[in-house]
1. Name the residues in the stretch 1-48 that are among the hydrophobic types (A, V, I, L, M, F, W, C), surrounded by fewer than 13 Cβ atoms within 10 Å (Cβ to Cβ) and modelled with pLDDT of 90 or more, would you?
2. Name every residue in the stretch 52-66 that is of a type outside the set (S, T, N, Q) and surrounded by 10 or more Cβ atoms within 10 Å (Cβ to Cβ), in order of residue number.
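The values are calculated or read from the model by the stated rules, or taken from the named source; none is laboratory data. In this text, all values refer to a predicted model and were calculated from it rather than measured experimentally. Heads up, the Cβs are rebuilt from the backbone with ideal geometry, glycines too, and the neighbour counts pull from every protein chain shown.
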Amino acid sequence: MELNKIREFTDSELKEQQAQAGEQLFRVRFQKSLGDASGVKKLRELKKDIARIKTVARQRELGQAVAPTESAAPAKKTRKAKKA
(Lines give C-alpha, C1' and ligand atoms only; values in the text may rest on other atoms or scores of the structure.)
Protein backbone atom coordinates (compact mmCIF):
# COMPACT_ATOMS: atom_id res chain seq x y z
CA MET A 1 0.00 0.00 0.00
CA GLU A 2 1.36 3.41 -0.88
CA LEU A 3 2.05 6.10 1.70
CA ASN A 4 -0.13 8.68 -0.09
CA LYS A 5 -3.07 6.28 0.02
CA ILE A 6 -2.50 5.63 3.74
CA ARG A 7 -2.42 9.37 4.49
CA GLU A 8 -5.87 9.78 2.92
CA PHE A 9 -7.44 7.39 5.46
CA THR A 10 -9.29 8.72 8.50
CA ASP A 11 -8.17 7.68 11.98
CA SER A 12 -10.83 4.98 12.24
CA GLU A 13 -9.92 3.63 8.80
CA LEU A 14 -6.26 3.53 9.84
CA LYS A 15 -7.13 1.39 12.87
CA GLU A 16 -9.23 -0.89 10.69
CA GLN A 17 -6.47 -1.27 8.11
CA GLN A 18 -3.92 -2.00 10.83
CA ALA A 19 -6.16 -4.71 12.30
CA GLN A 20 -6.71 -6.30 8.89
CA ALA A 21 -2.99 -6.26 8.10
CA GLY A 22 -2.25 -7.78 11.50
CA GLU A 23 -4.67 -10.63 10.86
CA GLN A 24 -3.19 -11.26 7.42
CA LEU A 25 0.30 -11.21 8.92
CA PHE A 26 -0.76 -13.85 11.45
CA ARG A 27 -2.18 -16.06 8.69
CA VAL A 28 0.94 -15.74 6.53
CA ARG A 29 3.21 -16.54 9.49
CA PHE A 30 1.08 -19.57 10.30
CA GLN A 31 1.27 -20.80 6.69
CA LYS A 32 5.02 -20.23 6.69
CA SER A 33 5.40 -22.32 9.85
CA LEU A 34 3.54 -25.14 8.12
CA GLY A 35 6.14 -25.14 5.35
CA ASP A 36 4.50 -22.94 2.71
CA ALA A 37 7.33 -20.64 1.61
CA SER A 38 5.29 -18.81 -1.03
CA GLY A 39 4.20 -16.06 1.38
CA VAL A 40 7.64 -14.63 2.21
CA LYS A 41 7.20 -11.60 -0.06
CA LYS A 42 3.70 -11.00 1.29
CA LEU A 43 5.11 -11.20 4.83
CA ARG A 44 7.57 -8.39 4.12
CA GLU A 45 4.92 -6.23 2.47
CA LEU A 46 2.51 -6.64 5.39
CA LYS A 47 5.18 -5.72 7.94
CA LYS A 48 6.03 -2.58 5.97
CA ASP A 49 2.36 -1.66 5.58
CA ILE A 50 1.80 -1.98 9.32
CA ALA A 51 4.85 0.20 9.98
CA ARG A 52 3.61 2.86 7.53
CA ILE A 53 0.17 2.88 9.12
CA LYS A 54 1.63 3.23 12.61
CA THR A 55 3.93 6.02 11.43
CA VAL A 56 1.09 8.05 9.93
CA ALA A 57 -1.05 7.50 13.05
CA ARG A 58 1.78 8.67 15.30
CA GLN A 59 2.43 11.74 13.12
CA ARG A 60 -1.22 12.69 13.42
CA GLU A 61 -1.12 12.12 17.16
CA LEU A 62 1.84 14.48 17.50
CA GLY A 63 0.44 16.95 14.99
CA GLN A 64 3.44 16.57 12.72
CA ALA A 65 1.78 15.35 9.55
CA VAL A 66 4.28 15.97 6.76
CA ALA A 67 3.04 16.93 3.31
CA PRO A 68 4.21 14.53 0.57
CA THR A 69 5.77 17.33 -1.50
CA GLU A 70 8.07 18.49 1.30
CA SER A 71 9.96 15.23 1.57
CA ALA A 72 10.20 14.69 -2.20
CA ALA A 73 12.63 17.51 -2.99
CA PRO A 74 15.67 18.35 -0.86
CA ALA A 75 16.05 21.90 0.38
CA LYS A 76 18.41 24.12 -1.59
CA LYS A 77 21.41 25.49 0.19
CA THR A 78 22.29 29.12 -0.22
CA ARG A 79 25.63 30.67 0.41
CA LYS A 80 26.03 33.95 2.18
CA ALA A 81 28.62 36.42 1.01
CA LYS A 82 31.32 37.12 3.55
CA LYS A 83 31.56 40.66 4.76
CA ALA A 84 35.08 41.99 4.91
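1. A19, F26, F30
2. Those that are of a type outside the set (S, T, N, Q) and surrounded by 10 or more Cβ atoms within 10 Å (Cβ to Cβ): R52, I53, K54, V56, A57, R58, R60, E61, A65, V66.
Listed here are the residues, each with its yes/no results for (1) of a type in the set (F, W, Y); (2) in contact with a helix residue (DSSP H, G or I) (Cβ under 9 Å, 6 or more places away or on another chain); (3) in contact (Cβ under 8 Å) with a residue 40 or more places away in the chain; (4) farther than 24 Å from N4 by Cβ.
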site: E16; (1), (2), (3), (4): no, no, no, no
site: F26; (1), (2), (3), (4): yes, no, no, yes
site: R29; (1), (2), (3), (4): no, yes, no, yes
site: K32; (1), (2), (3), (4): no, yes, no, yes
site: V40; (1), (2), (3), (4): no, yes, no, yes
site: K48; (1), (2), (3), (4): no, no, no, no
site: T55; (1), (2), (3), (4): no, yes, no, no
